[in-house]
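The next block holds one structure in the form of structure tokens; read it before the comments.
The values are calculated or read from the model by the stated rules, or taken from the named source; none is laboratory data. Because the structure is a prediction, the values reported are computed rather than measured. Cβ: placed from backbone, ideal geometry, glycine included. Neighbour counts: every protein chain shown.
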Amino acid sequence: SLHDALPIFKRVDFADAYQVALSQPQLTAEQATLAIFAHSPAWVGALMKLRGVFARAVGLKHSDMQSGAQPRGIFNVRARHDNEIVIGDDDSHLNFRISVLRAGEADAATVTVSTAVEINNTVGRVYMFIVKPFHRVIARSMVQRAADAGRL
């Protein structure tokens, strides 16, 4: 679970979660992760490019969502379970984890995308202050968009 993937975090400075019902209850956590993250709209790609410019300027790691260079085309897979994929990265400025949890059966199946961030210093605090409103819009939109398109 996401809790198991957080032992290196001394604290969680930011967290959120978005959940949708699955119209395809046979989906695995891996398939749900791809359904959400492999189909980002152009405006998300543009925001991620902007994030990349800022991230490089302050020395943060950056991987754009289209690159395919990292597992899932975004960040490192930190944990893989039958019902959950945890992706994320650690940096000198902040550490983050994103969990895609598939739960329930049949008409009660859901997918929940959760984010947890630990801020390590002032640059991380500034970064999160700037990114937080965009993160909330992007995370909610990508989960809902995947559900609305019938991919989940």
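Assuming Asp4 fulfils every condition listed in (1) in a helix (DSSP H, G or I); (2) at pLDDT 70 or above apart from one, which condition is it?
(2)
Across the stretch 7-23, which residue is surrounded by the most Cβ atoms within 10 Å (Cβ to Cβ) among those that are modelled with pLDDT of 90 or more and not in a strand (DSSP E or B)?
For the stretch 7-23, the residue satisfying everything is Leu22.
Does the stretch 81-104 contain at least one residue that is surrounded by fewer than 19 Cβ atoms within 10 Å (Cβ to Cβ) and either within 12 Å of Ile36 (Cβ to Cβ) or free of Cβ contacts under 8 Å to residues at least 24 places away in the same chain (or both)?
yes
Yes/no per residue for (1) closer than 23 Å to Lys10 by Cα; (2) assigned to a helix (DSSP H, G or I); (3) at pLDDT 90 or above:
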{"residue": "Gly68", "(1), (2), (3)": "no, no, no"}
{"residue": "Arg78", "(1), (2), (3)": "yes, no, no"}
{"residue": "Asp82", "(1), (2), (3)": "no, no, no"}
{"residue": "Ser99", "(1), (2), (3)": "yes, no, yes"}
{"residue": "Val117", "(1), (2), (3)": "yes, no, yes"}
{"residue": "Tyr127", "(1), (2), (3)": "yes, yes, no"}
{"residue": "Val137", "(1), (2), (3)": "no, yes, no"}
{"residue": "Ala147", "(1), (2), (3)": "no, yes, yes"}
